[in-house]
Amino acid sequence: MKRIFSGVQPSGRIHLGNYITMKNFVNHQDDKDCFYCIVDLHAITVDQDPEELRKKSIELAALYIAIGLDPKKVTLFIQSQVSAHAELAWILQCNSYMGELNRMTQFKEKSSKKESVTNGLFGYPILMAADILLYNTDYVPVGSDQKQHLELTRDIAIRFNNKYGKTFTVPEPLIRKKGARVMSLSNPENKMSKSDSEKFSSITVLDTSKEIKKKIMRAQTDSDMIIRYDEVNKKGISNLLTIYSLFSNYSIEELEKKYEGIGYGQFKKDLVEVVINELEPVKDKYNEIINSGEINEILKEGAIRANKISKEILNDVKNKVGFITEF
Ligand code: TRP
């Protein structure tokens, strides 16, 4: 079975865009050996409140299970509970170059707004490479913003293999199709974002039905009153159509037909119902796993499995670079 690895940051609340990504993860679980990692080591590359971070890591894991990840099929774990990640990251840091990290556009973006930048933020892509390479990963499902990091991962793997002999599997990215991009409800020029401070811009999975309704009814549209997909001139409506389509069995074309001659008000009301119907059972399941403590058991099992597998590759690496692994 081919292996998949992906990491998700335990930061911010999970909005519809993240939800779609997470569902995508769930779809792989039946025909691939999946490793999903809550990357708390990555999270601390920027300032975090310790209690909040702990809480968010557990919440994210529980949400994955609520969305449909089956812990019997998938290895779900928290990055900091598998020390091989930090260890391999160090070794890879010593086999990577300032120049290649300096070219990372995400680092440039993230650091340009900051007064001070940690060394960890600079080395972020190397830790990501370590995550992936520790599991002989075949495929890495990511958003297009992570493409450059994946290319760096491949470069590092190939370079290491050339220097020390075949060690790592060189992973392939599975870049998500652009069509699935969910935009901000209040400003559809921008992606729906965890960090957007505008209250009505994003719907989160744990929002109450009342909040969901309010946000959708207030979503920005236009004044020509035609429900048609047009990413250039009708960004708001196009985004709502995207969400509707992602949350129902209708394609965008079918929705355009269904809503011919119907006003935005009715369209939005229907969308409210579609979104609420999808998220209600997720919320119930989420509360159940958090309250029962089941999530702790799942994460414990996940860490045991991840530790076991990553240790083999880490040992191989340690031997190759000249560490003493056995007396
Ligand atoms: N950098 C990724 C993001 O922000 C998260 C991540 C960390 C990741 N390690 C990974 C993704 C390994 C894929 C594989 O989205």
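Taking the range 121-171 as the range and being acidic (Asp, Glu) and within 12 Å of the ligand (Cβ to nearest atom) as the test, the residues that pass are ASP131, ASP145.
Among residues of the range 4-24 being of a type in the set (A, V, I, L, M, F, W, C) and not in a helix (DSSP H, G or I), the one that is farthest from VAL170 (Cα to Cα) is ILE14. Checked against (1) within 26 Å of ARG181 (Cα to Cα); (2) open to solvent by 10 Å² or more (accessible area, probe 1.4 Å); (3) not basic (Lys, Arg); (4) not in a helix (DSSP H, G or I), PRO71 meets all criteria but (1). Within the range 14-42, being over 12 Å from the mean Cα position of the chain (by Cα), surrounded by 21 or more Cβ atoms within 10 Å (Cβ to Cβ) and under 23 Å from SER144 (Cβ atoms) holds for CYS34, PHE35, HIS42. With respect to the conditions (1) crowded, with 19+ Cβ neighbours inside 10 Å; (2) in a helix (DSSP H, G or I), GLU51 lacks only one, and its number is (1). Among the residues of the range 78-112, just one is of a type in the set (Phe, Trp, Tyr) and within 13 Å of the ligand (Cβ to nearest atom), namely PHE107. Condition check for MET192 on (1) more than 16 Å from the ligand (Cβ to nearest atom); (2) within 30 Å of GLU260 (Cβ to Cβ): one failure, at (1). When each of ALA86, ALA62 is tested for being open to solvent by 50 Å² or more (accessible area, probe 1.4 Å), in contact with a helix residue (DSSP H, G or I) (Cβ under 8 Å, 6 or more places away or on another chain), assigned to a helix (DSSP H, G or I) and of a type in the set (A, V, I, L, M), the lone residue that passes is ALA86.
Taken together, the residues in the range 104-130 that are in a loop (DSSP other than H, G, I, E, B) and either without any contact (Cβ under 8 Å) to a residue 12 or more places away in the chain or over 21 Å from PHE160 (Cα atoms) (or both) amount to 6.
For beta carbons closer than 6 Å, sequence separation of 6+ or different chains, a first residue in the range 136-159 that is farther than 17 Å from CYS94 by Cα and open to solvent by 60 Å² or more (accessible area, probe 1.4 Å) and a second that is within 11 Å of the ligand (Cβ to nearest atom) and not in a helix (DSSP H, G or I), the qualifying pairs are TYR139/ILE4; TYR139/LEU174.
The values are calculated or read from the model by the stated rules, or taken from the named source; none is laboratory data. All of these numbers come straight from a predicted model, not from anything done at the bench. Here the Cβ is made from the backbone with ideal geometry for all residues, glycine too, and neighbour counts use every protein chain on show. Heads up: the accessible areas ignore ligands, DNA and RNA and are worked out on the full protein's heavy atoms, side chains in. Shrake-Rupley method; radii C 1.70, N 1.55, O 1.52, S 1.80 Å.
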